[in-house]
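One structure below.
The values are calculated or read from the model by the stated rules, or taken from the named source; none is laboratory data. This one's a predicted model, so the numbers in the text were calculated from it and none came from an experiment. Counting neighbours? That spans all protein chains shown, and the Cβs are built from the backbone with ideal geometry, glycine included. Surface areas here come from the heavy atoms of the whole protein model, side chains and all, with no ligands, DNA or RNA. Shrake-Rupley method; radii C 1.70, N 1.55, O 1.52, S 1.80 Å.
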Amino acid sequence: RTQRSDLSRKGKARRVNEPIFEMQAVKLSDSTVRISFVGSPTLRTQGRNIGWVEAVVGPNENELNDVIVFSTSTAGAPGASATVTLVGEASWDTKAALTSTHCVMDVSVVTGQEHLVFRVDVPYTKAVPMELSAFTSAIDDTTIEVGAMARRVFVPTGEYLPSSEAFRLIISDTTTGRVLFRSDAGASFLQLVTTVEPQSVGQMQRYVIPWNGRDLQGQRVADGTYKAELIIPARPESYQTTISVPWPPK
């Protein structure tokens, strides 16, 4: 917990209906709650560059009494990758956190000109050897990046990748479940045993695959929202998460 930002203290906030970030929360063995997000470091608003992210958090919407401030960092760099992602992490460790089963947050996103607030109710996920936070980012009107930020919690005994395929993307029709695209379709991978990155506890690795809105036959998909499965094909247990992908890119 720390002092709130100037804009937050002055109350110059505008509430938005849609979450700016997809928030994740994990309850650790000591009952501390670790909350994280992955998203774009800019907004399509008057004040583009995000400078501060904080949240008022509690076990329910009537007890939002604690303030947490997210430490943020960026992954990816212009010239090295098509987009840059913003990663945020914070710990909630008050008495309310210790006895909570999920958390409700009013998340503040502050730029030089604006203070936007959105509310989310976040269930706790199980602590696993590696956490995946999915994201999408529009490169332009014809291509969208679909990816995941992987954060190492611990390295389980015997974990490995059975080939040179480190990351897989599968996109399906949300209504029929029909697979429209998969990154491993027709691909040849080297059959060699490699490690699953990242290896160091607390370290992050950015995985991303671009999608041009075309299916396995090369035909452009209809406008709509699709389901993306993001998979690190590790053995003996893979890591995976899902996210909704809009087409065309927004």
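Scoring V57 on the criteria (1) surrounded by 17 or more Cβ atoms within 10 Å (Cβ to Cβ); (2) at positive phi leaves a single failure, condition (2).
For the residues D106, D121, the requirement of being part of a strand (DSSP E or B), surrounded by fewer than 16 Cβ atoms within 10 Å (Cβ to Cβ) and at pLDDT 95 or above singles out D121. T136: open to solvent by 70 Å² or more (accessible area, probe 1.4 Å) and modelled with pLDDT of 90 or more, yes or no? So T136 does not fit the description; no. When you check R152 against the structure, is it closer than 25 Å to T74 by Cβ, surrounded by fewer than 19 Cβ atoms within 10 Å (Cβ to Cβ) and either in contact with a Lys or Arg (Cβ under 8 Å, 6 or more places away or on another chain) or in contact (Cβ under 8 Å) with a residue 24 or more places away in the chain (or both), yes or no? So R152 passes the test.
If I filter the range 205-231 down to residues being under 15 Å from the mean Cα position of the chain (by Cα) and closer than 13 Å to R168 by Cβ, which single residue comes out as surrounded by the most Cβ atoms within 10 Å (Cβ to Cβ)? The residue in question is L230.
Entry remark, the range 1-41: residues being of a type outside the set (D, E), closer than 14 Å to H115 by Cα and modelled with pLDDT under 85 number 8 in total. In the range 55-74, the condition of being in contact with a strand residue (DSSP E or B) (Cβ under 8 Å, 6 or more places away or on another chain), modelled with pLDDT under 90 and not in a loop (DSSP other than H, G, I, E, B) is met by at least one residue. Of all residues in the range 193-205, those that are farther than 22 Å from V84 by Cβ and at pLDDT 90 or above have Cβ atoms under 6 Å from Cβ atoms of residues that are part of a strand (DSSP E or B) and open to solvent by less than 70 Å² (accessible area, probe 1.4 Å), 6 or more apart or on another chain, in T194/L161; V196/L161.
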